[in-house]
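The values are calculated or read from the model by the stated rules, or taken from the named source; none is laboratory data. Worth saying up front: this structure is predicted, and the values here are computed from it rather than measured. Virtual Cβ from ideal backbone geometry, glycine too; neighbours counted across all protein chains shown. Just the protein is used for accessible areas: all its heavy atoms, side chains included, with ligands, DNA and RNA removed. Shrake-Rupley method; radii C 1.70, N 1.55, O 1.52, S 1.80 Å.
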Amino acid sequence: MSSDLSYPTPPADKRNLEAQARYLSELISFIFKLPLSEATIHALRRYFARVGPENSEDLVAAILLECWEAHRSETTLTEQELIRAADRVRQRLIRETKRTVLTGTPEVTPSHDLPPEEEVSFVLREFQSILERSSPEEALLFQRYYLDGQRDIRALSEELHMSPATVYRRLSQIRANFLSRREALEPPHWAD
């Protein structure tokens, strides 16, 4: 940073993580009068590397905003607080990126649609096989939850004299058994 009081200039190469970390260091020093150690700048550089060069500008801005909010709430800004703020922002950016990452168009495999009456009988046979292989309690739970539509777990647990945790566990087992049976009956996708 220069000795005059001019505002720090952003790096010309936005993808240069070292330059971005130095720029953030200069901003923090200029705005909050907090000079950063080399260890802190190195930690910031690691955060920039984790979010990737395409997100480094966003990370600079978000860290600066976090520090500004801490400053406005009269929190003393230290290097430790800066690292915590950078970590919170990095985690938020990574979560948002994972949510918005576009995937390629899914491959659509042709399905062999059954006529409606055959599909209904197929589903009924599946339900019947589940009920036959289940204990009476599980069969009743399956019927009440999936077929009768009784979705209130607390009411189901009172009706069946089970704890809500047991009801959740049994429903999970029923769902897993159903899905594994369904997977075993369906041909694998690579066979299409």
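Taking only protein heavy atoms into account and a 1.4 Å probe, give the accessible area per residue of segment 37-106 in Å². It would help to have the intermediate numbers written out before the result.
Working: 4530 Å² over 70 residues.
Result: 65 Å² of accessible area for each residue.
Testing the spin-label approximation: label points 7 Å from Cα along Cα→Cβ at GLU159 and PHE122. State their distance in nm.
3.0
Quick check on packing: order 85-92, 74-81, 48-55 by the mean number of other C-beta atoms within 10 Å, highest mean leading.
On the way: 85-92: 17.6, 74-81: 12.2, 48-55: 15.8.
Listed from highest to lowest mean packing, they are 85-92, 48-55, 74-81.
How long is the gain from GLN173 to THR9 if the chain were fully straight, where each residue apart is worth 0.36 nm and the alpha carbon distance is subtracted?
Values: separation 164, 0.36 × 164 = 59.04 nm, distance 5.95 nm.
53.1 nm is the gain from fully extending GLN173 to THR9.
Roughly speaking, to the nearest percent, how much of segment 56-100's 1.4 Å accessible area is carbon and sulfur? Walk me through the intermediate numbers first.
Details: 1390 of 2920 Å².
For segment 56-100, the apolar C and S fraction of the accessible surface comes to 48 percent.
Provide the solvent-accessible area of LEU124, counting protein heavy atoms only and rolling a 1.4 Å probe, rounded to the nearest 10 Å².
Approximately 100 Å² of LEU124 is accessible to the 1.4 Å probe.
Could you rank VAL60, VAL120 by how accessible they are, 1.4 Å probe, largest area first? Intermediate results must be reported in sequence, preceding the final value.
Numbers: VAL60 10, VAL120 85 Å².
In descending accessible area the options line up as VAL120, VAL60.
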